[in-house]
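A.B. asks: Starting off with a structure, shown below.
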Amino acid sequence: MKRREIEKQVARAVWSQPITDLHTHCYAPRFGASPQPGGMLLWGIDELVTYHYLIAEVYRVVPASELPYETFWAMSKREQADHIWKHLFVERTPLSEACRGVLTTLQMLGLDPNERKLDKLRKWFHKQDPDKYATKVMQVASVDSITMTNPVFDDHERAMWERDAAVGDDPRFTAVLRIDPLLRDWPSACAKLTAWGFEARPDFSGDTTAQVRRFLEHWLDKMKAAYLAMSLPPEFRYPDPANPAGDRFIRDCLMPVLAARKLPWAMMIGSRMRDKVNPALRDAGDMVGKSDVMSVVNLCRDFPANKFMVTMLARENQHELCVATRKFGNLLLFGCWWFLNNPSLIEEITRMRVELLGTSFVPQHSDARVLDQLVYKWEHSRRIIAKVLTDKYAELGESGYDVSAKQIKRDAALLLRDNYREFIKR
């Protein structure tokens with residue numbers, strides 16, 4: 001097959017393949033939708049433009065000396081969006097990936113990305129019904145399933161599940177149990193568990209192990225969770241002599257519960273929380289840090305009956321993590337997370353992964369916090385994945401191997417949907 005034909009077949013396979021998005025921060029409409037107070041499904045032009053990437057970016061242009069942080073946060077969502085649109089999209093060329101993503105989304109929704117003001121765009125979004133719009137976005141993005149992130153230690157979200165467990169019963173959306181505080185702040189997490197009827201003690205005395213297991217089982221079952229997730233700092237270690245409670249939680253509570261249910265532990269490692277970087281920026285204040293790949297190796301080796309899904313935030317971790325993935329069939333490497341979600345880095349990392357892992361990984365997840373972001377994140381990533389695959393199939397041709405259209409279609413399905421689905425079902 002000549003290169004031009006390869007390129008044609010890859011484009012057909014990649015763009016026709018529905019995607020299972022294995023990690024987002026989007027919610028089913030039954031959780032409430034913005035601008036409804038307390039609505040957890042974020043969508044629409046004002047949410048797109050006030051995404052925390054763009055908040056950080058606008059403060060590069062209009063610094064806090066001109067617009068104090070407290071003044072910005074006191075503004076309405078609409079006022080914040082107008083401020084960002086003016087300074088990043090009108091008075092400057094919107095070259096960043098975060099800006100370009102908004103424009104791609106508008107274009108693919110049939111809207112004009114050249115608007116000087118947001119009024120016309122707001123009118124269009126105002127006419128949309130959030131439930132029907134969720135289906136529309138999934139169709140435009142060619143996403144067949146959205147995987148939520150459901151932090152049980154968030155009081156607002158937990159209350160929604162406790163009022164009505166069916167809140168998660170939307171076939172378009174899958175729940176994931178997120179429990180960061182159990183490793184990030186064990187003493188405070190114990191106090192909360194005890195208040196909720198799961199008596200846990202910081203020193204693991206009494207019936208703590210059984211109670212923590214019961215808590216995990218209760219919420220995994222209640223949410224019908226596809227996996228359990230944690231976002232962890234660069235300093236995360238396993239084993240960690242400085243954190244014996246964390247080691248014991250992993251060894252005696254988390255691993256047995258997940259092994260019994262054959263559910264993966266998804267670890268997103270490498271984010272420095274905003275309170276250690278720039279708390280005034282709120283969600284925009286986080287930072288990246290290099291993580292310890294050997295901790296992942298230790299977990300995969302010490303718990304062969306468990307499954308692990310891992311992504312790391314620092315570019316410097318990617319090669320070592322990819323090599324580690326070659327050694328363990330119970331480890332699924334996924335996505336280009338957060339600050340790596342830029343075209344130049346996605347291409348570099350995806351090429352390396354194909355060269356080391358073939359098709360046995362998941363190249364991307366959207367990490368979308370705003371529903372509409374599914375459109376641009378997958379459009380942009382599809383282009384890069386198609387480019388890498390085209391080059392690799394052409395290289396096979398140079399080696400005398402003739403790849404078929406059937407193989408190309410199969411590979412696209414593996415990378416965009418089936419690797420993840422098969423891994424969680426093992």
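A.B. asks: Please report TYR376, TYR69, TYR53 as a ranked list, fewest other C-beta atoms within 10 angstrom at the top and most at the bottom.
C.D. replies: Working: TYR376 24, TYR69 16, TYR53 20.
The fewest-first ordering by Cβ neighbours comes to TYR69, TYR53, TYR376.
A.B. asks: While we're here: Provide the gained length on full extension for the span GLU355 to ARG421, in nm with one decimal, where the gain is 0.36 nm per separating residue minus the Cα-Cα distance. List each step's numbers first, then the result.
C.D. replies: Values: separation 66, 0.36 × 66 = 23.76 nm, distance 2.24 nm.
Net length gain for the segment: 21.5 nm.
A.B. asks: Given TRP265, CYS190, PRO233, which one lies farthest toward the positive end of the charge dipole of the chain, if we put +1 on the Cβ of every Lys and Arg and -1 on the Cβ of every Asp and Glu?
C.D. replies: Of the candidates, TRP265 comes out farthest on the positive side.
A.B. asks: Using 0.36 nm per residue of separation minus the Cα-Cα distance, give me the extension gain between GLU162 and ALA280 in nm, one decimal. Don't skip to the end; give the middle numbers.
C.D. replies: Values: separation 118, 0.36 × 118 = 42.48 nm, distance 3.24 nm.
Stretched out fully, the GLU162 to ALA280 stretch lengthens by 39.2 nm.
A.B. asks: List every DSSP H helix in the chain whose Cα atoms extend 18 Å or more along the helix's own long axis and whose mean Kyte-Doolittle hydropathy is at least -0.5.
C.D. replies: Numbers: long enough: 3-16 (19 Å, -0.94); 208-223 (23 Å, -0.66); 343-357 (20 Å, 0.26); 373-398 (38 Å, -0.55).
Counting only whole DSSP H runs, the qualifying helices are 343-357.
A.B. asks: Would you compute, from DSSP H runs of 4+ residues alone, the mean residue ellipticity of the chain at 222 nm, taking -39500 (n - 2.57) per run and dividing by the full residue count, rounded to the nearest 500?
C.D. replies: It lands at -14000 deg cm²/dmol.
A.B. asks: Next up: Regarding the chain, what is the average projected area of its C-alpha convex hull, in nm²?
C.D. replies: 21.2
A.B. asks: Take the alpha-carbon centre of segment 57-83, take the same for segment 132-191, and report the distance between them in whole Å.
C.D. replies: Value for the Cα centre distance between the two parts: 29 Å.
A.B. asks: Follow-up. Take LYS77 and ASP391, extend 7 Å from each Cα along the Cα→Cβ direction, and tell me the distance between the two endpoints in nm.
C.D. replies: 4.0
A.B. asks: What list do you get for ARG410, ARG178 if you sort them by fewest beta carbons within 10 Å?
C.D. replies: Details: ARG410 14, ARG178 25.
With the fewest neighbours first, ARG410, ARG178 line up as ARG410, ARG178.
A.B. asks: Within 10 Å of each candidate Cβ there may be at most 13 other Cβ atoms; applying that plus a DSSP loop requirement, which GluC sites (Glu not before Pro) in segment 90-176 survive? Spell out each step's value before the answer.
C.D. replies: Numbers: sites: GLU91, GLU97, GLU115, GLU157, GLU162; in loops: GLU91, GLU115.
Here the sparse-neighbourhood loop sites are GLU91.
A.B. asks: Exactly which GluC sites (Glu not before Pro) in segment 1-72 are in a DSSP loop and have at most 14 other Cβ atoms within 10 Å? Each step should come with its number before you reach the end.
C.D. replies: On the way: sites: GLU5, GLU7, GLU47, GLU57, GLU66, GLU70; in loops: GLU66.
Here the sparse-neighbourhood loop sites are GLU66.
A.B. asks: Cut-off is 10 Å between beta-carbons; in what order do LYS86, LYS2 appear when sorted fewest neighbours first? Could the numbers behind the result be given before it?
C.D. replies: Details: LYS86 17, LYS2 9.
Lowest count first: LYS2, LYS86.
A.B. asks: Remind me, relative contact order of the chain in percent, using alpha carbon pairs under 8 angstrom and six or more residues apart? Walk me through the numbers on the way to the answer.
C.D. replies: Working: 648 pairs, mean separation 92.1, N = 426.
Worked out over the chain, it gives 22 percent.
A.B. asks: Output the pairs from LYS77/LYS276; LYS222/LYS327; LYS86/LYS123; LYS222/LYS307; LYS290/LYS377 with a Cα-Cα distance over 29 Å in this structure; if there are none, say none.
C.D. replies: Values: LYS77/LYS276 26 Å; LYS222/LYS327 34 Å; LYS86/LYS123 18 Å; LYS222/LYS307 21 Å; LYS290/LYS377 24 Å.
Pairs exceeding the cut-off: LYS222/LYS327.
A.B. asks: Then there is this: Add +1 for every Lys or Arg and -1 for every Asp or Glu among the other residues with Cβ under 11 Å from the Cβ of SER145, and state the total. Don't skip to the end; give the middle numbers.
C.D. replies: Working: positive: ARG172, ARG417, ARG421; negative: ASP21, ASP144, ASP170.
Overall, the nearby charge balance is 0.
A.B. asks: Additional query: In whole Å, what is the distance between the alpha-carbon centres of segment 215-247 and segment 370-397?
C.D. replies: 32
A.B. asks: Over segment 45-127, what is the relative contact order in whole percent, taking alpha-carbon pairs under 8 Å and six or more residues apart? Walk me through the numbers on the way to the answer.
C.D. replies: Working: 47 pairs, mean separation 32.3, N = 83.
Relative contact order here is 39 percent.
Values in this text are rule-based calculations from the coordinates and carry no lab data. Just so you know, these numbers come straight off a predicted model, no measurement behind them. Here Cβ is always computed from backbone atoms with ideal geometry, including for glycine, and neighbour counts include all displayed protein chains.
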